[in-house]
Amino acid sequence: VPRSLLVSEIFGPTFQGEGPSSGQLAAFLRLGGCNLNCTWCDTPYTWDRERFDLERETVRLTSDEVLKRLQAVSASLIVVTGGEPLLQQLVLEPVLEACLADGRSIEVETNGTIMPSDHLMQLVTRFNVSPKLGNSGVRGRHRLRQPVLRALVESGSAIFKFVVERASDLDEIAAVEGELDLRPIWVMPQAQTPEQVMTVMRDIAAPVLARGWNLTTRLHVLLWGAARGR
Ligand code: SF4
């Protein structure tokens, strides 16, 4: 087991931009590496060797160093994101234990394809699970792992946040929802500019409401566009 974490960036305080806690002050830990390759990924610099020099984009830090940098950010919420942070869950656990001991709450953002350990399940306040749809360009058997999604539903500490490009993507969410009994469902626009956020949200708001789902914006994109470290 490696003793260090492959880190893309640690930043904050900023606002959690997506999902149930959007607007909340948070410290972000963005880890390197991903097991998927979504066409519209907004953080390809964490995993895509073809487009980025990952030696420059990522750094190996000990868990103590990661903890020290997180402690330097004044915010009661820690958001662990990526890339896919569950690729490094074993080394992540002691960091999260220490954050909990500091009285902070922890959200982990994951693509829902890697099984969290029982210990991680206990440490995490909420998993923001983002199962990928066909619009990601990733093949179905790679992007939807039923046992993992079922375990996350049963944990009671997960929400399921789907990235959509147009209203017709919503039928695909409904199919997955029915099959796996996923809840609660959050829908978020695939958008990397403020204009796109608003265009997609206006397009999907009524049908999302009609299905009884939640809608989230991308607050950081509305405020700062595609700027990194915000
Ligand atoms: S799962 Fe997330 S980090 Fe990985 S490629 Fe897809 S959007 Fe990017």
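One table, with the values for the structure above:
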quantity	calculated
Net charge dipole size for the chain [Lys, Arg +1 and Asp, Glu -1 on Cβ; Debye, nearest 20]	140
Dipole of the chain, positive end: most advanced residue of Ser74, Trp213, Gln122 [Cβ charges, Cα centre]	Ser74
Debye log10 I(q)/I(0) for the chain, one point scatterer per Cα, at q = 0.08, 0.09, 0.13, 0.17 Å⁻¹	-0.27, -0.34, -0.75, -1.34
Extreme residue, positive dipole direction of the chain, given options Leu36, Ala191, Val176 (C-beta unit charges)	Ala191
The chain - mean residue ellipticity at 222 nm from DSSP helices (-39,500 (n - 2.57) per run, n ≥ 4, rounded to 500)	-10000 deg cm²/dmol
Sequence-separation-based contact order of the chain, relative, with Cα cut under 8 Å and 6+ spacing, percent	19
Computed Kirkwood radius, in angstrom, where 1/r is averaged over Cα pairs of the range 181-230	11.6
Average silhouette area of the range 102-204, convex hull of alpha-carbon atoms, in square nanometres	7.5
Between helix 194-210 and the chain: long-axis angle, C-alpha atoms, 0 to 90°, nearest 10	60
Summed side-chain charge close to Gln196 - residues other than Gln196 whose Cβ falls under 13 Å, Lys, Arg +1, Asp, Glu -1	-1
The range 1-98: trypsin sites (Lys or Arg not before Pro) in DSSP loop, at most 14 other beta carbons within 10 Å	Arg3, Arg49, Arg51
Debye log10 I(q)/I(0) for the range 16-88, one point scatterer per Cα, at q = 0.13, 0.23, 0.24 Å⁻¹	-0.44, -1.14, -1.18
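Only the coordinates and a few stated rules stand behind these numbers; no lab work does. Values in this document were obtained by computation on a predicted structure and should not be read as measured data. Positions of Cβ are backbone-derived with ideal geometry, glycine not excepted, and every protein chain shown enters the neighbour counts.
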